[in-house]
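Have a look at the structure below, then the notes.
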Amino acid sequence: MKLYSTRNQDLDAGLHEALLGSMPPDGGLYMPSAIPSLGKEKMEWMRGKSFPENASTVLGALLGDAVDPGSLKTMVAEAFDFPVSLVELEAHQHVLELFHGPSLAFKDFGARFMSRLMQNYRRDDPGEIRDLVATSGDTGGAVAQGFSDLPGIQVTILFPSGKVSPLQRRQMTTASANIRVLEVDGNFDDCQLLARQAFGDQLLNRRIRLCSANSINIARLIAQTCYYFQAWASMEDPSRELYISVPSGNFGNLTAGLIARRMGLPVRRFIASTNINDVVPAYLSSGHYETRESLQTISSAMDVGAPSNFERMMDLFRGDLKQIREVVEGYRFTDDQTRGAIRDLYTRYGYIACPHTAVAWLGLRQYISGYRPGNFNGIFLGTAHPAKFPEVYDNDIRDRITLPSRVNGTLEKPEKFHRIAADYARLRHILMEHSS
Ligand SMILES: *Cc1c(COP(=O)(O)O)cnc(C)c1O
């Protein structure tokens with residue numbers, strides 16, 4: 001597998017370099033140089049197969065010679081050791097539940113696969129790796145759980161003080177000794193700025209091998225292509241036109257879906273569903289892309305004003321707005337609409353959705369009522385378990401949410417984290433500690 005930079009088509013990097021370097025030196029983002037098509041035979045083979053079987057097929061094609069088939073199989077078995085389930089709520093309308101992993105959010109797929117990929121490369125190149133990640137909530141938990149107890153990898157997580165739920169915090173602060181958690185006096189933008197300063201600090205990067213576990217890292221997106229295929233392969237009648245609504249913030253998930261489509265997944269349209277942080281839907285309707293400060297909403301994991309993967313989406317379509325519009329439709333929803341959707345999903349189907357998932361459902365419904373497609377399958381992605389966001393629900397619904405037993409450990413263990421000012425010098429000092 002070879003990769004180029006969204007800012008330089010001639011850059012020729014290997015997966016190892018893209019994984020550990022996170023970002024090309026020119027400040028762009030890595031993209032696969034060739035996106036292979038799976039072909040009819042492989043697609044047919046996937047029908048009714050297990051998730052690990054299908055993930056190995058998809059990743060085998062995408063990664064090519066970058067990972068040997070035996071190691072890939074082991075990595076997939078370890079990383080994806082929890083189910084992906086497609087639940088039909090009414091005829092031909094499904095939710096793809098991606099929250100059955102250890103951190104209760106879809107970010108487990110990317111984080112767990114990325115950690116195994118790093119382990120795999122450490123066999124030949126055993127130096128210590130330091131992962132740095134800024135989180136608004138869900139990424140931190142997924143990374144802490146996914147990298148827990150992995151030898152030779154030290155993880156530092158930055159989270160904004162007071163902005164993550166107690167469960168989200170515990171998922172980070174109760175992980176193993178190689179996970180260091182810093183509560184930053186500031187908001188998510190401050191955390192992200194600190195991380196960016198560290199990645200841009202050449203002197204620091206000469207001393208330690210610093211790597212990003214945020215969705216700028218292509219490894220996360222590669223892992224996420226797999227469940228799109230799994231959704232298709234588990235559908236009763238896959239010959240119907242397929243529409244997939246993706247609740248979006250940094251647009252890593254949607255970009256992974258676009259890559260899956262390039263690989264031959266027959267998706268007629270993706271629906272980019274956002275909260276009021278709607279720079280991408282606004283771009284799709286006006287043709288102008290303008291980033292903004294993010295606004296706080298109840299679907300907090302999507303409170304992003306400058307989506308990092310927009311550059312990748314543009315790259316996939318060579319910046320051609322007309323082409324993007326053929327494949328991606330965007331909608332935005334307010335918190336009131338999201339609350340209404342949570343209520344509707346509950347009264348109609350007895351289904352309790354997290355606020356992000358509810359936004360995805362709204363997007364799918366708006367698409368269907370606007371375009372009235374005939375013979376279709378609709379999927380909206382269920383990105384987190386509702387138990388992660390208890391504060392969002394009215395009492396009657398909240399009382400019916402049960403916390404999955406797999407998080408019991410995080411509730412019992414003592415927490416371990418430090419509070420720091422949003423000050424780069426301080427972070428730098430901490431990152432340098434114990435480096436030889
Ligand atoms: C991160 C996250 C999103 C947004 O995903 P992107 O890939 O950043 O667009 C949506 N829902 C939940 C629950 C998340 O944690």
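Summary of values
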item: Test: L86 is away from the ligand (no atom under 16 Å from the Cβ), open to solvent by 30 Å² or more (accessible area, probe 1.4 Å), more than 17 Å from the chain's Cα centre (by Cα) and under 30 Å from P373 (Cβ atoms); result: yes
item: Count - residues of the stretch 160-187 that are within 16 Å of the ligand (Cβ to nearest atom), over 15 Å from V407 (Cβ atoms) and at pLDDT 95 or above; result: 0
item: Residue check for Q366: at pLDDT below 95, open to solvent by 60 Å² or more (accessible area, probe 1.4 Å) and either in contact with a Pro (Cβ under 9 Å, 6 or more places away or on another chain) or not β-branched (V, I, T) (or both); result: no
item: Filter result (open to solvent by 20 Å² or more (accessible area, probe 1.4 Å), away from the ligand (no atom under 14 Å from the Cβ) and under 19 Å from the mean Cα position of the chain (by Cα)) within the stretch 138-159; result: S148
item: Qualifying strands (runs of 3 or more DSSP E) (wholly inside the stretch 319-423; at least 2 residues being under 19 Å from D303 (Cα atoms) and within 24 Å of the chain's Cα centre (by Cα)); result: 328-332, 376-382
item: In the stretch 95-108, the residues that are away from the ligand (no atom under 11 Å from the Cβ) and open to solvent by less than 10 Å² (accessible area, probe 1.4 Å); result: V95, L96, G101
item: Count of the stretch 160-174 residues which are surrounded by 20 or more Cβ atoms within 10 Å (Cβ to Cβ) and either touching a residue at least 60 places away in the same chain (Cβ under 8 Å) or touching an Asp or Glu at 6+ places or on another chain (Cβ under 6 Å) (or both); result: 9
item: Selection count, the stretch 112-137, where residues are open to solvent by 10 Å² or more (accessible area, probe 1.4 Å) and either closer than 21 Å to K163 by Cβ or within 13 Å of the ligand (Cβ to nearest atom) (or both); result: 1
item: Members of the stretch 386-402 found to be surrounded by fewer than 12 Cβ atoms within 10 Å (Cβ to Cβ) and touching a residue at least 60 places away in the same chain (Cβ under 8 Å), listed by number; result: E391
item: Residue check, G382 in contact (Cβ under 8 Å) with a residue 24 or more places away in the chain and within 16 Å of the ligand (Cβ to nearest atom); result: yes
item: Wholly within the stretch 59-146, strands (runs of 3 or more DSSP E) carrying at least 2 residues that are over 30 Å from I401 (Cα atoms); result: 129-134
item: Residue tally, condition in contact with a strand residue (DSSP E or B) (Cβ under 6 Å, 6 or more places away or on another chain) and open to solvent by less than 10 Å² (accessible area, probe 1.4 Å), over the stretch 344-363; result: 7
item: Total residues in the stretch 194-217, condition open to solvent by 20 Å² or more (accessible area, probe 1.4 Å), under 17 Å from T135 (Cα atoms) and in contact (Cβ under 8 Å) with a residue 24 or more places away in the chain; result: 4
item: Residue in the stretch 271-291 that is within 16 Å of the ligand (Cβ to nearest atom), more than 24 Å from D189 (Cα to Cα) and crowded, with 20+ Cβ neighbours inside 10 Å present; result: yes
item: Scope the stretch 358-401; condition under 19 Å from E241 (Cα atoms) and charged (D, E, K, R); matching residues; result: R365, R372
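The values are calculated or read from the model by the stated rules, or taken from the named source; none is laboratory data. Small disclaimer: the values here were computed from a predicted structure and weren't measured. No Cβ is skipped: glycine too gets one built from the backbone with ideal geometry, and neighbour counts run over all protein chains shown. Accessible surface is based on the protein model in full, side chains and every heavy atom, while ligands, DNA and RNA are left aside. Shrake-Rupley method; radii C 1.70, N 1.55, O 1.52, S 1.80 Å.
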